[in-house]
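Remarks on the structure that follows.
The values are calculated or read from the model by the stated rules, or taken from the named source; none is laboratory data. For clarity, every value in this text was computed on a predicted model and none was experimentally measured. Every residue, glycine as well, gets a Cβ built from its backbone with ideal geometry; the counts of neighbours run over all protein chains shown.
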Number of protein chains: 2
Amino acid sequence: MKWWGWGEPRKTYPLDHRPGFWPFLISKIGAPSGGPAPRANLDQIRIPTPRIPARALEALAATVGAEHLSLSHNVRIAHACGRGYQDLVRLRRGEVPRPPDAVVFPSSEEAVVRLLRIAGSEGLAVIPFGGGTSVVGGVEASDGDRPVLCVDLQGMNRLVSADPAGLVATAEAGILGPALEASLGAHGLTLGHFPQSFEFSTLGGWIATRSAGYASTGYGKIEAMVIALRVVTPRGTIATRIVPASASGPDLNALLAGSEGTLGIISQATLRVHLLPAKRDYRAWLFRGFPDGLSAVRAMLQEGPVPTTVRLSDAPETEAYLAMRERRPGWPLRAQEWAGVRVIRARGFAPGRMCLAIIGVEGSAVATSQAWGGLRRVLGRYGAFPLGSGPAGAWYRERFELPYLRDELLDAGIMVDTLETAAPWDRLLPLHARVAGALRDALTPSGASPLVLCHLSHAYPTGASLYFTFMARQAPGREMEQWQAAKRVATDAIMAGGGTLSHHHGIGTVHQAWMHEEHGKDGLQTIRAIKTALDPDGIMNPGKLVP
Amino acid sequence: MKWWGWGEPRKTYPLDHRPGFWPFLISKIGAPSGGPAPRANLDQIRIPTPRIPARALEALAATVGAEHLSLSHNVRIAHACGRGYQDLVRLRRGEVPRPPDAVVFPSSEEAVVRLLRIAGSEGLAVIPFGGGTSVVGGVEASDGDRPVLCVDLQGMNRLVSADPAGLVATAEAGILGPALEASLGAHGLTLGHFPQSFEFSTLGGWIATRSAGYASTGYGKIEAMVIALRVVTPRGTIATRIVPASASGPDLNALLAGSEGTLGIISQATLRVHLLPAKRDYRAWLFRGFPDGLSAVRAMLQEGPVPTTVRLSDAPETEAYLAMRERRPGWPLRAQEWAGVRVIRARGFAPGRMCLAIIGVEGSAVATSQAWGGLRRVLGRYGAFPLGSGPAGAWYRERFELPYLRDELLDAGIMVDTLETAAPWDRLLPLHARVAGALRDALTPSGASPLVLCHLSHAYPTGASLYFTFMARQAPGREMEQWQAAKRVATDAIMAGGGTLSHHHGIGTVHQAWMHEEHGKDGLQTIRAIKTALDPDGIMNPGKLVP
């Protein structure tokens, strides 16, 4: 991963065939004034000298092998923080105030057990590190006197077992998304978990943060897929039983999922998997307005058939998507498009009000065809207009690419970030208006004319999540303050509107200030007590999750 | 509820039209020798004098009103234990060694808060009491010096809100199954939770024990229906947020569900509900053997359509069910039956091997008809023979009646009990053989020829639960030892075979000895630590769940 941004170093977001991209964006947020400061030079970034005592280093090296222990400048910077907007702003400036003092790469659970023992006896803080894609400060060291040991799980990346008959598979926690899907695919299986960070995030990271992917409406969030876990804590290793359901007291899997490295290190997970779908059938639809779209999605989730993927953009996001989309040259496509626009307008779909939905169904050919039969009836009831598989295919091809665009926007001096929540159906429309309004209000005074987009990204019978994207010209020299102000008012609006503090990004440090409101005094006290019980000396990812 | 048995005092299990019942049973287990000792007389049962100090009694009465505080002999006995076999044996003998010292009936969460405060300051142990149907010792006081206060939630029985559009409803924890379904039904809704104790158990009890009902394959276990909880603990009231999903740290709902009153008192729950199904279409099928049936159920759960209810009896249970079933007089039915038997035998269905399945689908007329289309294809693949809706209707009508039969069998000197587990698909057949064999081995030496029956009772894509019924002549004077021996070897077999200690009965005291094996040292330590955090003085249901 780029040390200053997202993904493969040479890869960029393709804007060549998007003639409307910059004109639309500038028409909305204005032309950035001069662009950002130039990016720092990696070699010239000054970071603190490693603080780990020699005796501890010896013990660490003896545990993982000297070649799997690194104090190097570049490795420490690569493990210094996640990949949120606030991380990228500071990395580009060359601000890396708290890199880990050392990074180790264990290759077995036994090594992890020994590492935690060393950390305990040597007074080190431990930060578990999967892919490092946290957008909430989940892998960045907090202030503190303790030397920080980053435990990078990338060496624990095996598929341990897969049972296509029982639809159960076990894998080590450090496996990356593509490797996991490839090894499951060899058995004809899929996990069905595709967060936007898929290519660079790990199974353990997904579970530690209660991640969701674009197909979670059908396959479920990651915590719903967990059958059993192995988690190394400072007090011992918890191994939950591999059974489909139980009434043997509280569900420890649900306690460990979402623990964000503050209780221990997830070393292995046993998961519910699915047969690889023979068909992935994604199609785009247009609604006359966001309320119609929400009602249709609610009907699908409550009455069925339940789509694998559902993503409903609000009117501003639809407008942006259509204006900024890829347009390959050639008049036949143009002609079709013009004809389509006339048909759509004649039917009462108005720019500025209409909303685009991407709906995907995965499964056997028969099952997907049946599901589409049912979905068409529901969509028809709410006046949706079919745009076919073309726009859906374009979205599908680029579903992991958007983080690359963020780098381009940052290069141009444009702030872009996302935030998300979930709420019951009856609160979604007011919550949508409240959060979008709060973001616009917060960003306008900073001199920027913001662009605030939203889509429903995962749906449940009892509610759905909303995913907001906001863009504005950066306030030069005040980038962090500008972002913090937007983040604060949006999160206040989420809490006041009855949403959850986070649906799938997690808490880290960025959301901590609202944990009291989310869980109440006694709920928060409970989470703290669990932490104290499993990590009495507070060595596990200190400063995260619980304030 | 009968003080010595199950359900309504005047109600018995109807054996009049079951000419084969006693002959079959006696042919299998032998004629009971003389029957049991006569039942004790309620008035003559000696119980200890209440130990609650006068000051505490005054405070309790001031909190709930004197009319909602009882020290009466009969009320204390009615709250002394659950309704497991071991409870009934002792009740019939008049053995009530540890009744609660007092019973209170609060009618609000505020009252519960005050009750826990009084208990804390006065050194009382608190036992939350829903319907009192625990079969694992969950509501019986443990040994200890502390006076015991039973908190009966039956006064907290309101449906607080119901949203048919959002499929969310909130109810107080003390509401009984029929009242909850009736009040939801008035909004066109159902929870879809029908444990065998349905008529006499409460919402809070279901959640505290992670209950399942006959329709849980479709509607899910109770913990899967919980959206939010309000739980009064000695440290404060935890109120989880009403949202469809979250990534804000560990899921506290999953920590409180299954806590069996050891962390606090569930006062209210917000639940995912369903539209009342227009149709409940239950049908019986016959398989040539248990393995075929298991494969068919696995295919339904993995490929769909997923039935609402699936219940697959093994060969002994099928034989018993057919021999002991209702037979109304009249030759046309007889003739049909004989013709049916000939057809079935000709197709290779052999008594002693064939297995009966009850499969139910609930939903709209269109949805149930479509589901049956898909289910028939799956059933056909595994050679199932349709018996139609007649036998399924008979099962459905009597689905809550079997506990009444237990009383009749006890009257006749026959032990009957059930136990259950769940395991991944690949372990189910060996586990079935292992547990059934262990039960037969354990019961044969006690002079009885046991009858051991089993059915798959709830299914998941990754496994299923097995529900065992065992009957034998009671060993007079040694009833408890006989039962304990059977329970012990069966549970050992479950654990050795990779099942879970309990799929839906819970832990209480009866399963405690295996909690170490179920959760491991560190898992158990975690559950203990949570208990200490929320209930530092150990006043909540002491002696339950965690050994």
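What to note about this one:
- Criterion applied to A:Leu429, A:Leu453, A:Leu439 was being in contact with a Pro (Cβ under 8 Å, 6 or more places away or on another chain), assigned to a helix (DSSP H, G or I) and crowded, with 20+ Cβ neighbours inside 10 Å, and the one residue passing it is A:Leu439.
- Selection count where residues are at pLDDT below 95 and either in contact with a Ser or Thr (Cβ under 8 Å, 6 or more places away or on another chain) or surrounded by 15 or more Cβ atoms within 10 Å (Cβ to Cβ) (or both), scope the range B:38-61: 1
Rundown of residues vs (1) more than 10 Å from chain B (Cβ to nearest Cβ); (2) farther than 21 Å from B:Asp251 by Cα, yes/no style:
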{"site": "A:Ala179", "(1), (2)": "yes, yes"}
{"site": "A:Leu203", "(1), (2)": "yes, no"}
{"site": "A:Thr209", "(1), (2)": "no, no"}
{"site": "A:Tyr214", "(1), (2)": "yes, yes"}
{"site": "A:Ser246", "(1), (2)": "no, no"}
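- Unmet requirement for A:Leu501, which otherwise passes all of (1) crowded, with 19+ Cβ neighbours inside 10 Å; (2) assigned by TED's automatic domain parsing to the domain that holds A:Arg434; (3) more than 20 Å from B:Ile227 (Cα to Cα): (3)
- Hey, B:Gly390 of a type outside the set (A, V, I, L, M), surrounded by fewer than 18 Cβ atoms within 10 Å (Cβ to Cβ), in the same structural domain as B:Ile358 (by TED's automatic domain parsing) and under 20 Å from B:Leu356 (Cβ atoms) or not: yes
- Those residues of the range A:1-17 which are touching a helix residue (DSSP H, G or I) at 6+ places or on another chain (Cβ under 6 Å) and over 30 Å from A:Gln44 (Cα atoms), in sequence order: A:Leu15
- Flag if A:Val113 is modelled with pLDDT of 95 or more and under 27 Å from the mean Cα position of the chain (by Cα): no
- Residue match in the range A:143-156 (condition: touching a helix residue (DSSP H, G or I) at 6+ places or on another chain (Cβ under 7 Å) and within 14 Å of chain B (Cβ to nearest Cβ)): no
- Matching residues, the range A:460-497, being under 30 Å from A:Met300 (Cβ atoms), away from chain B (no Cβ under 11 Å) and out of contact with any Pro (no Cβ under 8 Å at 6 or more places or on another chain): A:Leu466, A:Tyr467, A:Phe468, A:Thr469, A:Ala490, A:Thr491, A:Ala493, A:Ala496
- Scanning the range A:392-409 for residues that are of a type outside the set (A, V, I, L, M, F, W, C) and not in a helix (DSSP H, G or I) gives A:Glu398, A:Arg399, A:Glu401.
- Tally of residues being more than 10 Å from chain B (Cβ to nearest Cβ) and touching a helix residue (DSSP H, G or I) at 6+ places or on another chain (Cβ under 9 Å) across the range A:514-540: 5
- Taking the range A:412-428 as the range and being farther than 17 Å from A:Ser457 by Cβ and either facing another protein chain (nearest Cβ under 10 Å) or of a type in the set (Ser, Thr, Tyr) (or both) as the test, only A:Asp426 passes.
- The set of residues from the range B:11-58 being within 27 Å of B:Arg440 (Cβ to Cβ) and in the same structural domain as B:Asp145 (by TED's automatic domain parsing) is empty.
- From the list A:Glu303, A:Glu260, the lone residue that is in contact with a helix residue (DSSP H, G or I) (Cβ under 8 Å, 6 or more places away or on another chain), within 12 Å of chain B (Cβ to nearest Cβ) and at pLDDT below 95 is A:Glu303.
- Residue identified as at pLDDT 95 or above, within 14 Å of A:Thr262 (Cα to Cα), in contact with a helix residue (DSSP H, G or I) (Cβ under 6 Å, 6 or more places away or on another chain) and crowded, with 22+ Cβ neighbours inside 10 Å among A:Val104, A:Val126, A:Val139: A:Val126
- Checked against the criterion of being among the hydroxyl-bearing types (Ser, Thr, Tyr) and closer than 26 Å to B:Asn541 by Cβ, the range B:47-62 contains one or more residues that satisfy it.
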